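Written out below as structure tokens is the structure these notes cover.
Every read-out reported here was derived from the displayed coordinates using simple, explicitly stated rules and does not represent laboratory data. Computed from a predicted model, the values in this text were never measured in an experiment. Note that each Cβ is placed from the backbone with ideal geometry, even for glycine, and that neighbours are counted across all protein chains shown.
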Amino acid sequence: RMDLIDPSFFDKSHNVIELFLANLFGKFQDKRKKTKYYEEKQNITKIIECFTRAQKDMAEMMVKPIDKFEPIDNLQRLSAGVSLNEDIKNLVDAFLEYFEKQGGVLIVPIDDVDLNSGMAAEMLEQIRKYLIHPNILVLLSVKLDQLALTKRLGIEAEYSSLKNISANLSEMFDGMVETYLTKTLPHHQRIYMPDGTAYFDKSVRIMDGDKELAKYDSVRDMVPELIFRKTRYLFYNTAESTSYIVPSNLRQLNMLVNMLYGMVDYWPKGEDQQEAAKRESNQYNKF
């Protein structure tokens, strides 16, 4: 498994394939540092040659054409782009073999592709071209509606010379976006995360490693209770609805609970309330 790739590093100068190769090479270097060179069982010549070939083709593909009347150079860049696909497949095979995982699959997690709106469509296209292989499993975290919007904007930019976009043309754009997303992200390969409200009534255990710190009957009760314990602020749920202070996003919920548990209790158990009220942390928690 590779480390999580952050889309915020994608720009006009660095694409997803460069970050993929750099991440892969970093894993290879870490493995070599942990193993004494003379004790290596695998022949590293093969994997180094694969890295070199992939990087060479990537560099040639990224070079912008200087003279359109140089057909050989242009053909060489085109050939490099075609070869890169096979280079990456061979590199991953050699990488898995070096880690003694022959026949395995390399997991490539990429987080929140849609947040980099300027590059999202291009990133997805690079992934589709070069990282779709039997020995690679790409895990994308993405909001489909946001990704569809960035792709739609890209298509509209291609037709920017048209002064007015008719309703029929607008419908055609929507169809193009839907077709592209269906082809790139097939429905049977998608895993939809449930709406945050689905876990409001679920019981919760807060753990520190294997140690259980606390247990709550539901998320909707846990958050107001923790806030009251740390700040003495009161938030209420009703029988029909949950307080808006309870995050409906799992990441936000995790961050809020982690922050609250890092605070000192407003009135720790067994401590004199008047003495506790003098502590600066009491007021600090309110901010």
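A viscosity of 1.306 mPa s and a temperature of 10 °C, combined with the Kirkwood radius over Cα pairs in Stokes-Einstein, give a translational diffusion coefficient for segment 132-276 of 80 µm²/s.
Once the Cα-Cα distance is subtracted from the 0.36 nm per residue extended length, the LYS286 to LEU213 segment shows a gain of 24.0 nm. For segment 235-255, backbone nitrogen atoms closer than 13 Å to the point 7 Å from MET193 Cα along Cα-to-C-beta are found at 248-255.
Under 11 Å from a point placed 7 Å out from the Cα of ARG205 along the Cα-to-Cβ direction: which residues of segment 232-253 have their backbone N that close? From segment 232-253, the list is empty.
In segment 211-252, what is the volume of the convex hull around the alpha carbon atoms, normalised per residue and reported in Å³?
Values: hull volume 3.9 nm³, N = 42.
Each residue corresponds to 92 Å³ of Cα convex hull volume.
The GluC sites (Glu not before Pro) of segment 210-246 that meet both conditions, a loop assignment by DSSP and at most 14 other Cβ atoms within 10 Å of the site Cβ, are GLU240.
Give the peptides 147-157, 184-194, 94-104 in descending order of average Cβ contacts within 10 Å, highest first.
Details: 147-157: 16.8, 184-194: 9.3, 94-104: 15.1.
Result, highest mean Cβ count within 10 Å first: 147-157, 94-104, 184-194.
As a rough guide to protection, the peptides 126-137, 23-34 ranked by mean Cβ packing within 10 Å, highest first, stand as 126-137, 23-34.
Could you state, as a whole-number percent, how many of the C-alpha pairs of segment 184-256 are farther apart than 15 Å? The partial results should precede the final answer.
Working: 1630 of 2628 pairs.
Summing the P(r) tail past 15 Å for segment 184-256 gives 62 percent.
Model label sites at LYS143 and LYS129, defined 7 Å from Cα along the beta-carbon direction, differ in position by 2.8 nm.
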